[in-house]
Amino acid sequence: MTSVNPSAELIVDAQGEKLDKKFLEFLQNFHLAPGTPGYNEFATEEEKKKKKPIKYYEHLAKELKDNDKQTLYVDFEHLAKFDESFELREAILGEYYRYDPYIRKSVRQFMRSLAGEHAKDNKAYYCAFYNLSSLEK
C-alpha cells in the first residue's frame, strides 16, 4: 500500500497556467477577415455579404463536434499574427512537451464553452499545429 505524504506540495507551473489562458484567448478571439484563406469556407452568406470577420476556430470547433473528432488543427501563422509579444509562439516552439497539457486543457475549455452537451463527456481533446515551417524561430 502506498502512503500519501501530507506535507507534499503541489507544484504549479505558473508559465503553463499563463499559456493556458493566452491560448484559450487566442481560440476564442482569432478572426479571419474577408478575402483571407479559409474565410469563404466557413463564412455564412450574411457574413460574406456584410464582409464581417469570422471567429475561425469557433467554426472549426463546431465541425469537430459535428464530426465527432477530437483534434483541433491550428494554423501556426494565425497564432503568430495574434500573439504580438511572441511569448505564446516562442513557448510552444521552444518547449512544446512542457506546455502540451495546458494547450489540451485550453482546447477542452474552448469546446466546453461552445458545445454544451458535447463537452460533458470525458473525451480528451488534442491540438495539432501546421504551417510551422514558414515561420522563423
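So who's got an amide H within less than 5 Å of the one on residue 126, skipping anything under 5 residues away but keeping other chains? H placed 1.01 Å off N, in plane.
Hits under the 5 Å cutoff: 71, 72.
Students often forget the sequence filter, so: which lysines lie under 16 Å Cα-Cα from residue 50 once same-chain residues fewer than 8 apart are removed?
Once the sequence-local lysines are set aside, nothing remains near residue 50.
Using a simple spin-label model with points 7 Å from Cα along the Cα→Cβ vector, what separation in nm is obtained for residue 86 and residue 25?
With each label point 7 Å from Cα toward Cβ, the separation is 1.9 nm.
Taking the Cβ of each residue in 104, 112 as the centre, tally the other Cβ atoms inside 10 Å and list the residues starting with the fewest.
By the 10 Å Cβ count, ascending: 112, 104.
Given 0.36 nm per residue, what is the gain on full extension from residue 52 to residue 40 after removing their alpha carbon distance, in nm?
Gain in length upon complete extension: 3.2 nm.
Looking at this model, which pairs from 51/105; 48/69; 18/51 are more than 30 angstrom apart at the alpha-carbon?
The answer is 51/105; 18/51.
Taking other Cβ within 10 Å of each residue's Cβ, how do 82, 30, 23 sort, fewest first?
Arranged by neighbour count, lowest to highest, 82, 30, 23 become 82, 30, 23.
Using C-alpha positions alone, give me the convex hull volume of segment 14-130 per residue in cubic angstrom.
Roughly 106 Å³ of hull volume per residue.
What does the charge count near residue 104 come to, summing +1 for each Lys or Arg and -1 for each Asp or Glu among other residues with Cβ under 13 Å from its Cβ?
After counting each charged neighbour, the total is +3.
We did not get these values from a lab; they are worked out from the coordinates using the rules stated. This one's a predicted model, so the numbers in the text were calculated from it and none came from an experiment. Here the Cβ is made from the backbone with ideal geometry for all residues, glycine too, and neighbour counts use every protein chain on show.
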